[in-house]
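J.: Let me give you the structure first, and then I'll get to my questions.
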């Protein structure tokens, strides 16, 4: 049975979430829920070997530098998690079993198996709730804006190659995803599709549903195949293309960022 610590995060491991560019002027808030592969020391690596801790199961490879590049280019606040999604997936609500996954694709996470209710509640309290509350405060302070979440995905999943290179995901509000799709050919020569490799039916739009839709804010979830983000040149290329797509799709963004330059 997995250990059930009362406290997961030590003082030197806090905070579990942060805001980059908090005073950014753009009518936009970026979010990166899977930015980090860090596992708190109290969890003893969740029983994973080094390869698993470095894999896409633990984090969205390349997503944090991509999100930071977009934040800088667009002058937009960025809220990111500093804890691995294998500890708690901040893009899942507490009631979802995969918020604390015992298995991710083919990787067994022994440190998440047979958790007590107390241990699971500690993950929610110490990882998810601080991230959720920070994002809520950031959006409340910003007011009317678009919400754009930044993710990456593995090129091969359960042995099946994925042809899509850039996915634009939406929940019940498709407008921003569709606007970015229309803008895509001008900015990136990628195989770009709506709601691939995931869709709302897969339960991946929690952040949009919990934070953007209730506030009536335009929103989209960006998924980039992570082999396109393996080095600085790739990250810069994708960031420049996405910057152009976001500028074209978000009303008022071009005017606001130019005014601040």
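The values are calculated or read from the model by the stated rules, or taken from the named source; none is laboratory data. Since the structure is predicted, the reported quantities are computational estimates derived from the model, not experimental observations. Every residue, glycine among them, receives a Cβ derived from its backbone with ideal geometry; neighbour counts consider all protein chains shown.
J.: Please go through the stretch 113-132 and give me each residue that is closer than 22 Å to residue 80 by Cβ, touching a residue at least 40 places away in the same chain (Cβ under 8 Å) and out of contact with any strand residue (DSSP E or B) (no Cβ under 8 Å at 6 or more places or on another chain), ordered by number. Full working, then the answer.
T.: First, pick out the residues of the stretch 113-132 that are closer than 22 Å to residue 80 by Cβ: 122-132.
So of that shortlist, the ones also touching a residue at least 40 places away in the same chain (Cβ under 8 Å) come out as 122-123, 126-128, 130-132.
122, 123, 126, 128, 132, listed by residue number.
J.: Could you check how many residues of the stretch 104-125 are modelled with pLDDT of 95 or more and in contact with a helix residue (DSSP H, G or I) (Cβ under 7 Å, 6 or more places away or on another chain)?
T.: Residues that pass the stated criteria total 4.
J.: Which of the helices (runs of 4 or more DSSP H) contained wholly in the stretch 142-261 include at least 3 residues that are in contact (Cβ under 8 Å) with a residue 40 or more places away in the chain, touching a helix residue (DSSP H, G or I) at 6+ places or on another chain (Cβ under 8 Å) and more than 28 Å from residue 107 (Cα to Cα)? Spell out the reasoning first.
T.: Working: elements: 175-187, 232-249, 253-260.
Fully inside the stretch 142-261 and qualifying: 175-187, 232-249.
J.: Which of the residues belonging to the stretch 96-111 are assigned to a loop (DSSP other than H, G, I, E, B) and out of contact with any strand residue (DSSP E or B) (no Cβ under 8 Å at 6 or more places or on another chain)?
T.: Applying the first criterion (assigned to a loop (DSSP other than H, G, I, E, B)) to the stretch 96-111 yields 96, 100-102, 105-106, 109.
Scanning the stretch 96-111 gives 96, 100, 101, 106.
J.: Does residue 101 satisfy being under 20 Å from residue 134 (Cα atoms) and in contact with a helix residue (DSSP H, G or I) (Cβ under 9 Å, 6 or more places away or on another chain)?
T.: Criteria not met by residue 101.
J.: Also: Does residue 224 satisfy being in contact with a strand residue (DSSP E or B) (Cβ under 8 Å, 6 or more places away or on another chain), at pLDDT 95 or above and under 12 Å from residue 63 (Cα atoms)? Break it down into steps so the answer makes sense when it comes.
T.: Numbers: in contact with a strand residue (DSSP E or B) (Cβ under 8 Å, 6 or more places away or on another chain): yes; at pLDDT 95 or above: yes; under 12 Å from residue 63 (Cα atoms): yes.
Answer is yes for this residue.
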